[in-house]
Amino acid sequence: MLHNIELQPYNSFRTKAIARLYCEPTTVKELTGIIKKFPTERKLILGAGYNLFFTEDFDGLVIRPAMKGIERIREDELGVELEVGAAEEWDHFVGWSVSNGYAGVENLSLIPGSVGASPVQNIGAYGKEAGECITRVQTVDIQTGEPIIFTAGECGFSYRDSLFKQTKRYVITSVRYRLEKQFAYREKYADLNRELNAIPRPTLVQVREAIIRIRNRKLPDPELLPNAGSFFKNPILTPQEKDALLQLLPELPLYPSGDNHFKTSAAYLIESAGYKGKRKGMVGISEKHALIVVNYGTGKGSEIADFVQEVQQGVFRLYGVRLEPEVWIF
Ligand SMILES: Cc1cc2nc3c(=O)[nH]c(=O)nc-3n(C[C@H](O)[C@H](O)[C@H](O)COP(=O)(O)OP(=O)(O)OC[C@H]3O[C@@H](n4cnc5c(N)ncnc54)[C@H](O)[C@@H]3O)c2cc1C
């Protein structure tokens, strides 16, 4: 157990905060022991810190799961089931899978973070979500210290959401992925189709490489310009909200989303409200991408939180849409 640890290196926005207690358990048994030893401490689970930042010190226990490893659990001629430790780097797992010829997670190439966080917001990109390939999630209950396994159906996966995100109650120690040995590229996503245009039958490796090229062009590198990726979720609109918004923004992008709802683009709303590339003090919206809030040099998370609130209020005033953060603010 470590005391008074600076969390700035552990969040991609590089905001400063001290954790009174900090641990990196490498086994389920060690994690269980720690939780049982500190039953009344406030607890915060930390992965690689690419989707959160701190606005104040944390007077409690930060748990950063450190279980590693990729283990083949089952294999047949069609596919393979892999148990992956929470602390494995997500893109390392994707690269490993692609180089072994296993299909399923290649569209999620280059998403920064840990495997343990992948079910939390059901990470997604290019028409694919992690939850589509997860068969079970192994956890430890943060309140009791007891190990609990969730089947995929129990995880409550939906758009950037899950039971783990809703309850914040389970420390994920490993995730089981089922990947396929057969691969045929299905055209789903315009950007990706364009990038693969010259290739008649793209292979897994070619799809991964194309996604890496697109993401490197589009997204600011958090190591060079601290950020946490897309800051807001894309809003889901009722038919009435959609019609009202079309009066104000006739070019509004809209996609069907579940039963009679429509997903629109948070980036489009932010850009239309004039915030793209806008900067206030040491915080701003990226010039490359309207959904990305960037830190130009503050250590204070409160400055980021204040700026984000200003953007939310500006968009709400103009368009009546409440933007919901995808990033966690502690
Ligand atoms: C440049 C950039 C691009 C991005 N692109 C995408 C994208 O295309 N699609 C997408 O979905 N996301 C994207 N993200 C967001 C981010 O990569 C994901 O949310 C990722 O899963 C974060 O992993 P992490 O380990 O850093 O989690 P953290 O930021 O450390 O934690 C995120 C949340 O998960 C919880 N958590 C973390 N680990 C565990 C665990 N083991 N058990 C239980 N709870 C845990 C934390 O408490 C926190 O609430 C992007 C981020 C960046 C910076």
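Of note:
- No other residue among L318, L252, L245 is over 19 Å from F54 (Cα atoms), in a loop (DSSP other than H, G, I, E, B), away from the ligand (no atom under 16 Å from the Cβ) and out of contact with any Asp or Glu (no Cβ under 6 Å at 6 or more places or on another chain) apart from L252.
- Those residues of the range 189-241 which are loosely packed, with under 13 Cβ neighbours inside 10 Å and within 25 Å of R14 (Cβ to Cβ), in sequence order: N216, R217, K218, D221, E223, L224
- Breaking point among (1) touching a strand residue (DSSP E or B) at 6+ places or on another chain (Cβ under 8 Å); (2) more than 27 Å from I34 (Cα to Cα); (3) assigned to a helix (DSSP H, G or I), for T135: (3)
- The residue that is farthest from the ligand (Cβ to nearest atom), among those in the range 157-196 that are small (G, A, S) and within 16 Å of the chain's Cα centre (by Cα), is S158.
- Among the residues of the range 140-172, those identified as within 16 Å of K36 (Cα to Cα) and in contact with a Pro (Cβ under 7 Å, 6 or more places away or on another chain) are V140, V171.
- In the condition set (1) part of a loop (DSSP other than H, G, I, E, B); (2) in the same structural domain as K128 (by TED's automatic domain parsing), H289 is compliant with all but (2).
- Filtering the range 185-203 to residues that are in a helix (DSSP H, G or I) and closer than 18 Å to G104 by Cβ leaves only L192.
- Which numbered condition K37 misses (of (1) touching a strand residue (DSSP E or B) at 6+ places or on another chain (Cβ under 7 Å); (2) surrounded by fewer than 23 Cβ atoms within 10 Å (Cβ to Cβ)): (1)
- Flag if Y50 is within 12 Å of the ligand (Cβ to nearest atom) and either more than 16 Å from Y170 (Cα to Cα) or part of a loop (DSSP other than H, G, I, E, B) (or both): yes
- T264 within 23 Å of P9 (Cβ to Cβ) and surrounded by 15 or more Cβ atoms within 10 Å (Cβ to Cβ): no
- Per the listing I73, I63, the residue uniquely in contact with a strand residue (DSSP E or B) (Cβ under 7 Å, 6 or more places away or on another chain), away from the ligand (no atom under 15 Å from the Cβ) and β-branched (V, I, T) is I73.
- Unmet requirement for R74, which otherwise passes all of (1) closer than 22 Å to W328 by Cβ; (2) assigned by TED's automatic domain parsing to the domain that holds E106: (1)
The values are calculated or read from the model by the stated rules, or taken from the named source; none is laboratory data. These numbers come from a predicted model, not from an experiment. With ideal geometry, Cβ positions are generated from the backbone for all residues, glycine too; neighbour counts draw on all protein chains shown.
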